[in-house]
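To keep things clear, I will list the structure first and then write my remarks on it.
The values are calculated or read from the model by the stated rules, or taken from the named source; none is laboratory data. None of these values were measured; they are calculated from a predicted model. Virtual Cβ from ideal backbone geometry, glycine too; neighbours counted across all protein chains shown. Just so you know, the surface numbers come from the protein's heavy atoms only, side chains and all, with ligands and any DNA or RNA stripped out. Shrake-Rupley method; radii C 1.70, N 1.55, O 1.52, S 1.80 Å.
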Amino acid sequence: MQPEYFRGVLGRRFVAFLIDAVMICAPVGAAAVFIFLFGFVTLGFGWFLFALLSPGFVIWALAYSGLTLGGPHSATLGMRAMEIEMRQWDGTPMNSLLAVLSVVLFWVFMSVLTPLVLIVGLLNSRSRLLHDLVLGTVVTNTETRAAALRRRWA
């Protein structure tokens, strides 16, 4: 009924994903550099901390998603930059558990069904990806962006 909420969402979602990937990977990369340099200072003992880098990466990624996507804006920092948000099917904001579940399900589906996850987004009018359909979530333009699109197309 209101196409302005879904116009251009898939492309903006991709750019938001790239921004969020940088937001997640930059601190992990900085930690890796620190561990590398710390290893020289400790005569190699510090390099054992590299074993904590993978679990730390997963914990940081889930915390970032849970706190931002499950927060009051229902959007990660990348999604906010692209003026999109994720909501539950009935329009209510996301909660942290659903946000983390969405991220985990996205990566599980990407690992198992790589092209199908993205093709589904091209085949439906609301640009919902496979994990959105399973969880009952939808990504829309924010109210301000939708209003701007409404004025532009009116």
Look through segment 81-124, keep the residues that are of a type in the set (Val, Ile, Thr) and in contact (Cβ under 8 Å) with a residue 40 or more places away in the chain, and return whichever of them is surrounded by the most Cβ atoms within 10 Å (Cβ to Cβ). Ile84
Pairs under 7 Å by beta carbon, first residue open to solvent by less than 40 Å² (accessible area, probe 1.4 Å) in segment 5-23, partner assigned to a helix (DSSP H, G or I) and modelled with pLDDT of 95 or more, six or more apart or different chains? Ala16/Gly78; Ala16/Met79; Ala16/Ala81; Asp20/Leu77; Asp20/Gly78
Going through Phe50, Phe38, Phe34 one at a time, which residue ends up being over 29 Å from Thr137 (Cα atoms) and exposed (fewer than 13 other Cβ atoms within 10 Å of the Cβ)? Phe34
Return a yes/no flag: does segment 53-69 have any residue that is in a loop (DSSP other than H, G, I, E, B), under 20 Å from Thr137 (Cβ atoms) and either in contact with a strand residue (DSSP E or B) (Cβ under 6 Å, 6 or more places away or on another chain) or of a type in the set (A, V, I, L, M) (or both). yes
Counted residues, segment 70-85 - those being of a type in the set (A, V, I, L, M) and out of contact with any Asp or Glu (no Cβ under 9 Å at 6 or more places or on another chain): 3
Wholly inside segment 73-154, helices (runs of 4 or more DSSP H) that include 2 or more residues that are within 26 Å of Trp60 (Cα to Cα) and more than 13 Å from the chain's Cα centre (by Cα) are 96-123, 130-135
